[in-house]
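Notes follow the structure.
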Amino acid sequence: MTLAGAGTALLAIPGMAFMAASYTEAAKGLILNELDYLKPEKAGVEQFVQEYALSMTPNFPIKIRSLYMVRASASQSKLVNDMVQDYLLSTDFFRNRMDEQKPLKYLGLYNPYKTPCANPFSNLYYPPQVS
Amino acid sequence: MLERGHHFPHAERVKERRGEQTVYPNPNPDYNQTQQTILNATPEKRWIYTLGFGGSSNCWFGCTPRFMPNDFKMKTLYGVGEDWPVQYDDLEPYYTVVEEIMSISGPAETPFPKKSAYPQPPHLFTDVDQRLKKAYGNLYINQPTARARVATNGRGACCASAVCSLCPVNAKFTIENGSMSVYEDPRVELLYGAQVYSLELANDAVRHVHFVQDGREQKVTGEVIALGANPIFNANILLNAGDRNVFTGKGLGEQIGLDARVFLKDLQHVGGSTWVNANGYMLYDGDHRKEYAACLMESSNHPYVRVEKGKWRDIVTFRMVFEDLPSQDSYVVPSGDRMRPKVHYGGPTAYALKGIENMKQKLPDILACLPVEKIIYEEPHNSEAHILGTTRMSADAAKGVVDRHLIHHQYRNLFVLGSGAFTTFTPSNPTLTLSALSLYAADKSF
């Protein structure tokens, strides 16, 4: 099942008070639920979700709160998938070669204009093998 | 030279993206304002372009494959569209000149004939690209690109930041970083903020060019005139002037692109040195074009992932780009506002849609050299940002608007430049070819 948007979530829970969780709690919850096998620093996650909301449209927090109410996963919601992906890009996870045992350190919102050449999959991070 | 927009330097535009204060406000319209410069009769289809000095060089992504020789003879070989009055061999030396001017990076071997080496070495493949290269030889190549592989003439080396519409390290060729010498010639006078909207025609020639600057009506004259707006506005200027060629404004089109997300088993897509590392030609040319569209593959390298434990980068996304045929259902006409053309889009043709379906059938076999878990096809993108057609090139006025030298069939002191002149649309990116056509036209006409 995939969730096309917040409207879907609201239809799914018509009787619930969907404002129960704040945006910050909801966004943190979605990320931590999705990445429960990694070791994200909670303060970093909180800083990320607050900075991330500033780069999104005004109704983004409402969508996130709705998705949190139905515990949407990245495989069900593109919005959640993108947020989790952007969180990981904003940490040292990929620079550490996706080491799932290391704590995730928040480095700042991923922005190629503030930090060019930071694509963690490029040749700068995976140089050609010399045989 | 009459320039509709204004010069807002690259460094200032990068500051905007960083959220920093600029030296002066951006004088050019933003994306939403630009969309209001036309009357879009089919607003579900967007036409993407940018206004400002430097034009599309400011926002292009710098993909510069040549067309294939057979792209120029679609009627003869495949019975669709029309043949171009200019052929690949005519353009070959001019392709080379453009590649020198733009310092194009590219491989030693290509699927199209090429007499000279690319000025810059090729970008690096990812591990996935290397497997495809091994399987398909010169049908799978490092993408020829204006995103520099090595720093040159004030341009940085591309480092795969993957936000090419405005390169953070100024790696892609733009007018600003590569062709300012033209404007610095003392014989050239450049007027900013001057929107041309019509021509005065008499005795099969252009006598005056009408424009508005700072709200004031003005006109200029010249022995030779060249229109260099995009195909929508070039057509509007001609139609406002009373051009009665039946093809003017007709056959507006675009390529169609969609993403194929390929999930891999224990193979990482890492190591590329630019945004599009490779082009695949496995679905491009052949007799299938009698029935359905050619497809050009682009291997994408922006930082997407799978949000799945242990499989983060075991995924590759290919952008599959399809040609389309000029359609009479897509066209430009004047509106009640002479500055704002009205644009109609009839949708992709059955020829293009059949190409997409064929691709979905064949791609699994094409990717058999990779450990594919599954393929997910996204919906087509709304736009490839390549506006084509409206002033098509032809051997005579019965079949098109301009001749092989981009000169209007009727108004013989008028060049109509750009991708509006394309007789048919290929899946290849248009900028290199439209640039070569301009050099060819100038060389043969003066």
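All of the numbers you see were taken from the coordinates with simple rules; none came from a lab. Computed from a predicted structure; not experimentally measured. Glycine also receives a Cβ, built like all others from the backbone with ideal geometry; neighbour counts cover every protein chain displayed.
Other chains' Cβ within 10 Å of B:10-20 residues: what's the mean? Spell out each step's value before the answer.
Working: counts 0, 0, 0, 1, 3, 1, 1, 4, 3, 5, 2.
Whole-number average of other-chain Cβ neighbours for B:10-20 is 2.
Trypsin sites (Lys or Arg not before Pro), restricted to the range B:232-262: which are DSSP loop and have at most 14 other Cβ atoms within 10 Å? Can you show the working numbers first?
Numbers: sites: B:R244, B:K250, B:R261; in loops: B:R244.
Sparse-neighbourhood loop trypsin sites (Lys or Arg not before Pro): B:R244.
Sort the protein assembly as shown into rounded, prolate or oblate with this rule: let a ≥ b ≥ c be the square roots of the eigenvalues of the Cα gyration tensor; rounded if a/c is under 1.5, and if a/c is not under 1.5, prolate when a/b is larger than b/c, oblate otherwise. Don't skip to the answer; put the middle values down first.
On the way: a/c = 1.76, a/b = 1.51, b/c = 1.16.
Prolate is the answer for the protein assembly as shown, as a/c is 1.5 or above and a/b outweighs b/c.
Tell me, how many Å apart are the Cα centres for the range B:166-207 and for the range B:41-90?
20
With the contact rule set at Cα under 8 Å and sequence spacing of 6 or more, what percent relative contact order holds for chain B?
Working: 1021 pairs, mean separation 94.0, N = 446.
Across chain B, relative contact order equals 21 percent.
Once you compute Rg and the Kirkwood Rh from C-alpha atoms, what is the Rg to Rh ratio for the range B:219-274? Present the calculation step by step, with values, prior to reporting the outcome.
Working: Rg = 22.2 Å, Rh = 16.3 Å.
Checking Rg against Rh, the ratio lands at 1.36.
Could you tell me the relative contact order of the range B:272-339? Use alpha-carbon pairs under 8 Å, at least six residues apart, and round to a whole percent. Mind dumping the intermediate values first?
Working: 76 pairs, mean separation 18.9, N = 68.
The value is 28 percent.
When Cβ neighbours within 10 Å are restricted to other protein chains, what is their mean count per residue of peptide A:107-120? Walk me through the numbers on the way to the answer.
Details: counts 0, 0, 0, 1, 5, 12, 13, 6, 2, 11, 8, 6, 13, 6.
Other-chain Cβ atoms within 10 Å of each residue's Cβ, averaged: 6.
List the GluC sites (Glu not before Pro) within the range B:168-246 that DSSP assigns to loop and that have no more than 14 neighbouring Cβ atoms inside 10 Å. Please list the in-between numbers first.
Numbers: sites: B:E176, B:E184, B:E189, B:E200, B:E217, B:E223; in loops: B:E189, B:E223.
Of the GluC sites (Glu not before Pro), the ones in loops of the range B:168-246 whose Cβ has at most 14 other Cβ atoms within 10 Å are B:E189, B:E223.
Under the classification rounded if a/c is under 1.5, otherwise prolate if a/b is larger than b/c and oblate if not, where does the range B:149-304 fall, given a ≥ b ≥ c as square roots of the Cα gyration tensor eigenvalues? Before the final figure, lay out the partial values.
Details: a/c = 3.14, a/b = 1.60, b/c = 1.97.
Here the range B:149-304 falls in the oblate category.
Please find, in a Gaussian network model of chain B (springs between Cα atoms separated by less than 10 Å), the residue of B:T126, B:T76, B:T50 whose mean-square fluctuation is greatest.
Highest fluctuation of the listed residues: B:T76.
Over all alpha-carbon pairs in the range B:108-215, figure out the percentage whose distance exceeds 23 Å.
Details: 3280 of 5778 pairs.
It works out to 57 percent of all Cα pairs.
Based on the Kirkwood radius over alpha-carbon pairs, what value in µm²/s does the Stokes-Einstein equation return for the translational diffusion coefficient of the range B:166-245 at 4 °C and 1.567 mPa s?
Details: Rh = 14.9 Å.
Stokes-Einstein gives a translational diffusion coefficient of 87 µm²/s.
Work out the length of the dipole vector of chain B about its Cα centre, built from +1 on the beta-carbon of each Lys and Arg and -1 on the beta-carbon of each Asp and Glu, and round it to the nearest 20 debye.
Details: 46 positive and 49 negative charges, 128 e Å.
Magnitude of the dipole: close to 620 debye.
Tell me, how many Å apart are the Cα centres for the range B:99-137 and for the range B:376-446?
25
Strictly under 4.7 angstrom between C-beta atoms: which cysteines of the protein assembly as shown have no such partner?
Result for the protein assembly as shown is B:C59, B:C63, B:C158, B:C164, B:C167, B:C295, B:C369, no neighbouring Cys Cβ within the cutoff.
Quick one: dipole size for the protein assembly as shown, taken about the Cα centre, charges +1 on Lys/Arg Cβ and -1 on Asp/Glu Cβ, in debye to the nearest 20.
On the way: 58 positive and 60 negative charges, 164 e Å.
In debye, rounded to 20, the protein assembly as shown gives about 780.
Return the single residue from B:V307, B:V86, B:V169 with maximal mean-square fluctuation; model: Gaussian network over chain B, springs between Cα atoms under 10 Å.
Between B:V307, B:V86, B:V169, it is B:V307 that shows the largest mean-square fluctuation.
Within 10 Å of each Cβ of B:269-278, how many other protein chain Cβ atoms are there on average? Kindly include the intermediate steps, with their values, before the conclusion.
Numbers: counts 2, 9, 9, 5, 6, 3, 2, 0, 2, 0.
Per residue, the average neighbour count from other chains is 4.
Would you mind estimating how fast chain B diffuses translationally, via Stokes-Einstein at 25 °C and 0.890 mPa s with the Kirkwood radius over Cα pairs, in µm²/s? Mind showing how you got there, number by number?
Numbers: Rh = 22.7 Å.
In µm²/s, the coefficient rounds to 108.
Can I get the semi-axes of the range B:285-388's equivalent ellipsoid? Compute them from the C-alpha gyration tensor as square roots of 5 times the eigenvalues, in angstrom, largest first.
Numbers: eigenvalues 233, 78, 19 Å².
Listed largest to smallest, the semi-axes of the range B:285-388 are 34, 20, 10 Å.
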